[in-house]
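Beneath this line is the structure, given in structure tokens, with notes to follow.
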């Protein structure tokens, strides 16, 4: 029996059981345990079913490849997965910056980063003798160092 509060929660977030909608009549197990009964000596097998994986209604159509696999790590639990595909109307973002590894072998880039690092160290030492503020603190200095480093990498 599903509590009414859970039903309201699913409704509020417009969720549906994607696993059960995909495999309406299948019984698959994600946890299988074998134990010996000490009194009878018989082996007892216990199975647990994956009953629900909730996704938003609007995302269900882009979900596919629902499956249960064995894990690489030894476990009595199986890995449950599914794929979400990109919709045609979505445009991929620019992603996050990744430092090209060849820059780590260029003397000019290394020299620029070392210079920025020395400046950061001086600013950090000065910060130790002043009061921390919203505009003047280590997090701000570190963010500026990272930003400047990325700008040098993009040159």
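Quick note: the coordinates plus some simple rules give every number you see, no bench work behind them. Everything numeric in this text was worked out from a predicted model, so none of it was measured.
Data table
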| read-out | value |
| --- | --- |
| Helix axis angle, 138-154 relative to the chain longest principal axis, alpha carbon, degrees | 90 |
| Estimated Rh, the stretch 101-154: Kirkwood, alpha-carbon pairs, angstrom | 12.1 |
| Angle in degrees between helix 107-127 and the longest Cα principal axis of the chain, rounded to the nearest 10 | 90 |
| For volume of the Cα convex hull per residue in Å³, calculated from these coordinates, the label among [x] 177; [y] 117; [z] 331 | [z] |
